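In what follows, a single structure is set out as structure tokens and then discussed.
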Amino acid sequence: MKGKMSESFLELVRLAACDLAPDVEKAIRDAIKREEGRARSTLDWMLKNADEARKNSTPICQDTGSLLFKVRYGPGARTTEIEEAIKDAVVEATRRSYLRPNAVDPVTGKNSGNNLGLGSPTVHFEPIQDDGRIEARLVLKGGGSENCGVQYSLPDSKLKAGRDMLGIKRCILDAAFKAQGFGCAPGTLGVGIGGDRMSSYLESKEQLYRMLDDTNSDPLLAGVEEELCEKINRLEIGPMGFGGLTTVLGVKIGKRHRLPACFFVSMSYMCWAYRRRAMQISGDKVSYS
């Protein structure tokens, strides 16, 4: 069972690293229709790169990033077995060059060579009531886009941002403007409102598991997502910062209750190579999306 599960997770990793998700590819193709000149050719080369990666099972980007797994499991599943299967899959994916060795000891500077280490990979578990089913989602978060992440504490006098929706919007726009092309635009912004410092950032990364074409279950936040996506694209930073109409592919916002004394707004930036895939195991059946 462990071997079969490892093979399933190995395929999940391969798809995430080497096969651009359909909703992301569609968003880039739609963007090409709106662009011209250097912006259009940049997006076109992105898709050509993605096509070659898909054909050859090679990484879409050389920086395959941090491995962020979210696993939902039924009562019959064992988390220790799932985690071991994930680790086995990560080691094998690294051996096959689906992943670049990215786990570096911050004190010694030594690379583990197989993407295993303290906190690597990151696996979050969530129990569900459906016995016999495992749902796994994976995001590969590259270092360039990760460096564009930022957290604000409101009120912010520099931005003239208060503890209200206008203040939140100003933080998001500021983060997008500061990212420019450094995060390999067009990007997707995951936003976490509220929580504490850690959970606010966690919420921002949770948003990156969402599909680009979904609709926020909170009507107010759904409207803000649409509004800010439009406003950020009017900044004309464009693909890779070369200028153009497509600076972001989406803005995804989530919230958590906060302490009265704290008001955090956190941003996690995802690059154009939006490496995100999902898997469902139900009995002997495995499906990917």
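The values are calculated or read from the model by the stated rules, or taken from the named source; none is laboratory data. Please read all numbers here as calculations on a predicted model, not as lab measurements. Heads up, the Cβs are rebuilt from the backbone with ideal geometry, glycines too, and the neighbour counts pull from every protein chain shown. The accessibility values were calculated without ligands, DNA or RNA, using every heavy atom of the protein model including side chains. Shrake-Rupley method; radii C 1.70, N 1.55, O 1.52, S 1.80 Å.
Which residue pairs have Cβ atoms under 9 Å apart, sit 6 or more places apart or on different chains, and have a first residue in the range 37-61 that is under 23 Å from L245 (Cβ atoms) and a second that is crowded, with 18+ Cβ neighbours inside 10 Å and among the polar types (S, T, N, Q)?
What qualifies is A39/T246; L43/T246.
Of all residues in the range 253-289, which are more than 24 Å from G65 (Cβ to Cβ), assigned to a loop (DSSP other than H, G, I, E, B) and in contact (Cβ under 8 Å) with a residue 12 or more places away in the chain?
Selection gives H257, R258, L259, C262, F263, G283.
Rundown of residues vs (1) within 23 Å of Q151 (Cβ to Cβ); (2) among the charged types (D, E, K, R); (3) modelled with pLDDT of 95 or more, yes/no style:
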residue	(1), (2), (3)
G192	yes, no, yes
R197	yes, yes, yes
E225	yes, yes, yes
E236	no, yes, yes
G243	no, no, yes
I253	yes, no, yes
H257	yes, no, yes
I281	no, no, no
S287	no, no, yes
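Among what's in the range 193-223 and is over 13 Å from the mean Cα position of the chain (by Cα) and open to solvent by less than 30 Å² (accessible area, probe 1.4 Å), pick the residue that is farthest from I28 (Cα to Cα). Please lay out each step first, then the result.
Keep residues of the range 193-223 that are over 13 Å from the mean Cα position of the chain (by Cα), which gives 193-200, 213-223.
Adding the requirement that they be open to solvent by less than 30 Å² (accessible area, probe 1.4 Å) leaves 193-195, 199-200, 216, 221-222.
Working: I193: 27, G194: 31, G195: 33, S199: 31, S200: 29, N216: 21, L221: 24, A222: 21 Å.
If we take residues in the range 193-223 being over 13 Å from the mean Cα position of the chain (by Cα) and open to solvent by less than 30 Å² (accessible area, probe 1.4 Å), then G195 is farthest from I28 (Cα to Cα).
Within the range 95-134, count every residue that is in a loop (DSSP other than H, G, I, E, B), on the phi < 0 side of the Ramachandran plot and of a type outside the set (S, T, Y). Even if it seems obvious, please write down each step before you answer.
As a first pass, look at the range 95-134 and keep what is in a loop (DSSP other than H, G, I, E, B): 96-103, 105-110, 112-116, 118-119, 121, 128-132.
Retained after the next criterion (residues that are on the phi < 0 side of the Ramachandran plot): 96, 98-103, 105-108, 110, 112, 114, 116, 118, 121, 128-131.
Those left that are additionally of a type outside the set (S, T, Y): 96, 99-103, 105-107, 110, 114, 116, 118, 121, 128-131.
Matching residues across the range 95-134 total 18.
If the requirement is being under 14 Å from V139 (Cα atoms) and assigned to a helix (DSSP H, G or I), which of these qualifies: L47, L12?
L12
Cβ-Cβ below 6 Å, separation at least six or inter-chain, first residue in the range 96-107 and open to solvent by 70 Å² or more (accessible area, probe 1.4 Å), second not in a loop (DSSP other than H, G, I, E, B): which pairs?
V104/N111
Touching a residue at least 12 places away in the same chain (Cβ under 8 Å) and under 30 Å from G243 (Cβ atoms): does that describe G195?
no
Take the conditions closer than 21 Å to L208 by Cα and hydroxyl-bearing (S, T, Y) and apply them to S120. Does it pass?
Yes.
In the range 50-89, how many are among the hydrophobic types (A, V, I, L, M, F, W, C) and in a helix (DSSP H, G or I)?
Qualifying residue count for the region: 6.
Determine, yes or no, whether E92 is open to solvent by 70 Å² or more (accessible area, probe 1.4 Å), acidic (D, E) and either part of a helix (DSSP H, G or I) or under 21 Å from L202 (Cα atoms) (or both).
Taking the combined requirement at face value, the residue does not satisfy it.
Pairs please, first residue from the range 137-149 and within 28 Å of R72 (Cβ to Cβ) and open to solvent by less than 20 Å² (accessible area, probe 1.4 Å), second anywhere and of a type in the set (D, E) and at pLDDT 95 or above, Cβ atoms under 7 Å, 6+ apart in sequence or on different chains.
These pairs meet every condition: G142/D63.
Of the residues in the range 17-29, how many are open to solvent by less than 50 Å² (accessible area, probe 1.4 Å), assigned to a helix (DSSP H, G or I) and not β-branched (V, I, T)? So that I can check it myself, show each step before the final result.
Quick first cut of the range 17-29, residues open to solvent by less than 50 Å² (accessible area, probe 1.4 Å) only: 17-21, 23-25, 27-28.
Still in the running and assigned to a helix (DSSP H, G or I): 17-18, 23-25, 27-28.
Imposing the further condition that a residue be not β-branched (V, I, T) reduces the set to 17-18, 23, 25, 27.
Number satisfying all stated conditions: 5.
I'm trying to understand the selection: among the residues of the range 233-268, which are within 14 Å of R38 (Cβ to Cβ) and among the aliphatic types (A, V, I, L, M)?
I237, M240, L245
Which one of these is closer than 26 Å to I86 by Cβ and open to solvent by less than 10 Å² (accessible area, probe 1.4 Å): S282, S268?
S268
Being β-branched (V, I, T) and open to solvent by 50 Å² or more (accessible area, probe 1.4 Å) is the filter here, so list the residues in the range 108-127 that pass it.
Passing the criteria: only T108.
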